[in-house]
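Below: one structure, written as C-alpha cells.
The values are calculated or read from the model by the stated rules, or taken from the named source; none is laboratory data. Here the structure is a predicted model, which means the values were calculated and not measured. Note that each Cβ is placed from the backbone with ideal geometry, even for glycine, and that neighbours are counted across all protein chains shown. The accessibility values were calculated without ligands, DNA or RNA, using every heavy atom of the protein model including side chains. Shrake-Rupley method; radii C 1.70, N 1.55, O 1.52, S 1.80 Å.
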Amino acid sequence: MSDIEVPLRPKRKKGLVDFLVQFRWIIVIFVVLPISFTFYFLIYLGDVRSEMKSYKRRQKEHDENVKKVVKRLKQRNPAKDGLVCTARKPWIAVGMRNVDYKRARHFEVDLSAFRNILEIDTERMIARCEPLVNMGQISRVTVPMNLSLAVVAELDDLTVGGLINGYGIEGSSHKYGLFSDTVVAYEIVLADGRVVRATRDNEYSDLFHAIPWSQGTLGFLVSAEIRLIPVKEFMRLTYKPVVGNLKDLAQAYVDSFAPRDGDQDNDEKVPDFVETMIYSPTEAVCMTGNYASKEEAKRKGNKINSVGWWFKPWFYQHAQTALKRGEFVEYIPTREYYHRHTRCLYWEGKLILPFADQWWFRFLFGWLMPPKVSLLKATQGEVIRNYYHEMHVIQDMLVPLYKVGDALEWAHRDMEVYPIWLCPHKLFKLPIKTMINPEPGFELHRRQGDTQNAQMYTDIGIYYAPGPVLRGEVFDGAEAVRRMEEWLIENHGYQPQYTVTELSEKNFWRMFDAGLYEHCRKKYGAVGTFMSVYYKSKKGRKTEKEVQEAEQAHLETAHVEVDQPDY
C-alpha cells in the first residue's frame, strides 16, 4: 500500500451532466467513430495523392500557396481588421485547451493546403515538411526507407506545426531533445509578408530560437527542415516490472536509461527508446527499446508482436501484464511501435468507451478506433466541455529528472490519477535563453542523466479522471491545476501550452522566459498583428475588446531587450 496520505473529500452530488457523460459512448459509437473513420480514410487518400506527385510539383504548389498567404496578409487593414490567426476551426486542434481566442473578431489566413512532405533528402538526412504533415503521414513514408524523424510523437494526428510551435516529445527525446530540437531550419512568413528562412546560425538565428513554444505568434510557419536518422525494421522492447513506493518507482525509471557513471551520451549504455507507465502508487513497468534488424527479430525463439493490428490488446494493458508474468522481451515492427498509443489515445479510450478494450469490441469494431480528438471536442457541447475541465485531467508536468519522485508524490496527493506516463527529454543549454531553459548551474552538480550541454528533464503525463471523481467525491479541478502550476514554477518546471491552464499573466512569465520572445515580437512586427502567446493560451472566452486592450498594452509597453550573442 502507498504510504502517502490523500486528503479526505466529501461525496459529490451527481447531476444531469454526469448522466450525459456516463452515456456519451452512444454518441461516440454511432456518430463520432463512423465520421472519424471516414475522415481518416479521406485524409489517407489525400496523402497518397500527394505522395504520387513529384517533389518538383509539390515545391511549385508550395511556392504558390506561400504567395497566397503573403497576399492575404497584405490585404489586412490594421485599423479595421482584427488580429491575424489561421482559418482553422477551433475544435480541429488536437489539444484539449479551448481555442477561445477565435471567438473575438480576427483576420483569418487559410493554411489548410500546407499538408505535404516536400522532400526527403537522404544526403543531408533532412525531411522538409509543411506544417500540417502529421506523424502517421511522415512515418508511413520514411520507415520503409529505413529512415525516421529523430523524434516521432506517438499519436498519428499530431502535426509538424503543432509539435514545433507547441510541445513535442517521444521515447527518443532523452537522446535528441524535444521535437523542435531536431529542426534544422524554419520557413516563416512574417507579419509584413516577408518570407524568411531561419537557422541557428544565420541572420534570423534569434527567430529560430524563439519559434518553439511560441504558438504561432511570431509568424506563420510554412515549412520546416527536420533531422532524419537511420532506423531498422524492428524495435527490441524489454518490459521490466517494478514494485515499491513512488520514490522507488522513480529511481527505477531513472536507472532504466541514465547510467550511474554519468556516461549519458554513450549509445552502448543508453537505449534508443524509453518510457515508464505507473499503474498505481506501488506498481510500474519500465520499457526500454533498441532498434533491431529483421534478421534478428526472426531468429528462432524471438517473439514478434504486431501491436498495431486493430484486434490486439491496447498497448498500455499489454505492458501491464509484465506485473504478473515478470520481465520479458519482444520485437515490434518499428512503425507500429512509434504509434503504439494511437488506438487507445494512451488510456483515455477507456473513459470514452468503457468497453472498447474488451476482446469482442476490438475484434468487431477495433478497426474504427481511435475516435478523432477534434470530433470528440466538436460533439461535447459547452456543458460537457466545462465538466471535463473540472472533473478530468490532461496535463503534462515537465520537471528536472532528479525531482521526478517528488513530483509523483505531489501528483498522487493532489490528483491521484493512474496510469501515469513517464518519458525523459534533454533540455539543452543554448547560447541564449529561450522560453524554456535548464536550471542555472545544473552542469556543476553532475546529477544522474545530465551532461555538460543538457539537463535531463522528464514528462509526467497525467491523463485520466482523478481518483476522487471516480469515487464520487468532490474535486476542484481548477484549483488542482493552479497548485500544480505553482509547484512547477517553484521547481523550475514547465507546463505545455496545449493543456488547460489557470496561469495569470504574471505567473505565466514566471514559468517561461519572456526575453527573447518579446525581443522577436518587436523586431519582426508581431505586436499588433499576432496575439501574444500568453493571451492565446489563456483560459476562457476572449472578446474583441479584450483582444484589442491586450495588444494595445503590448504596443505601449517597452519591450524587454536582449543582447544577441554570437552563434
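Miscellaneous remarks
- Residue 185 modelled with pLDDT under 95, among the aliphatic types (A, V, I, L, M) and surrounded by fewer than 19 Cβ atoms within 10 Å (Cβ to Cβ): no
- Scanning the range 317-332 for residues that are open to solvent by 20 Å² or more (accessible area, probe 1.4 Å), in a helix (DSSP H, G or I) and of a type outside the set (D, E, K, R) turns up 317, 318, 320, 323.
- Filtered residues of the range 351-377 (kept if open to solvent by 50 Å² or more (accessible area, probe 1.4 Å) and not in a loop (DSSP other than H, G, I, E, B)): 351, 359, 360, 363, 364, 365, 367
- Taking the numbered list (1) part of a loop (DSSP other than H, G, I, E, B); (2) crowded, with 20+ Cβ neighbours inside 10 Å; (3) of a type outside the set (Asp, Glu) in turn, residue 528 passes all entries but (2).
Per-residue answers, yes or no, for (1) open to solvent by less than 40 Å² (accessible area, probe 1.4 Å); (2) in contact with a helix residue (DSSP H, G or I) (Cβ under 7 Å, 6 or more places away or on another chain):
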site: 421; (1), (2): yes, no
site: 449; (1), (2): yes, yes
site: 479; (1), (2): no, no
site: 502; (1), (2): no, yes
site: 520; (1), (2): yes, yes
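- Any hit, the range 241-251, residues being hydrophobic (A, V, I, L, M, F, W, C) and open to solvent by 10 Å² or more (accessible area, probe 1.4 Å): yes
- Some residue of the range 77-91 being at pLDDT below 90, among the hydrophobic types (A, V, I, L, M, F, W, C), surrounded by fewer than 18 Cβ atoms within 10 Å (Cβ to Cβ) and in contact with a helix residue (DSSP H, G or I) (Cβ under 6 Å, 6 or more places away or on another chain): yes
- The range 217-232, residues that are in a loop (DSSP other than H, G, I, E, B) and either of a type in the set (D, E, K, R) or surrounded by fewer than 21 Cβ atoms within 10 Å (Cβ to Cβ) (or both): 232
- The range 391-414 - residue that is aliphatic (A, V, I, L, M) and part of a strand (DSSP E or B) and, of those, most open to solvent (accessible area, probe 1.4 Å): 394
- Exactly one residue out of 343, 335 is under 25 Å from residue 241 (Cα atoms), of a type in the set (D, E, K, R), touching a residue at least 24 places away in the same chain (Cβ under 8 Å) and part of a loop (DSSP other than H, G, I, E, B): that is 343.
- Check on residue 35, more than 25 Å from residue 109 (Cβ to Cβ) and of a type in the set (A, V, I, L, M): yes
- So residue 474, is it open to solvent by 10 Å² or more (accessible area, probe 1.4 Å), in contact with a helix residue (DSSP H, G or I) (Cβ under 6 Å, 6 or more places away or on another chain) and at pLDDT below 95: no
- Close pairs from the range 252-269: first within 10 Å of residue 286 (Cβ to Cβ), partner open to solvent by less than 40 Å² (accessible area, probe 1.4 Å) and in a helix (DSSP H, G or I), Cβ under 6 Å, at least 6 apart: 257/174
- Filter result for residue 417 (assigned to a strand (DSSP E or B), within 21 Å of residue 346 (Cα to Cα), open to solvent by less than 40 Å² (accessible area, probe 1.4 Å) and touching a residue at least 24 places away in the same chain (Cβ under 8 Å)): no
- Of everything in the range 114-133 that is touching a Phe, Trp or Tyr at 6+ places or on another chain (Cβ under 6 Å) and in a loop (DSSP other than H, G, I, E, B), the residue that is surrounded by the fewest Cβ atoms within 10 Å (Cβ to Cβ) is 132.
- When the range 18-55 is filtered for residues that are surrounded by fewer than 15 Cβ atoms within 10 Å (Cβ to Cβ) and not in a helix (DSSP H, G or I), the ones remaining, listed by number, are 23, 53, 54.
- The single residue among 432, 436 that is modelled with pLDDT of 95 or more, touching a Pro at 6+ places or on another chain (Cβ under 9 Å), of a type in the set (A, V, I, L, M, F, W, C) and outside any helix (DSSP H, G or I) turns out to be 436.
- Checked against (1) surrounded by 14 or more Cβ atoms within 10 Å (Cβ to Cβ); (2) on the phi < 0 side of the Ramachandran plot; (3) hydroxyl-bearing (Ser, Thr, Tyr), residue 306 passes all but condition (1).
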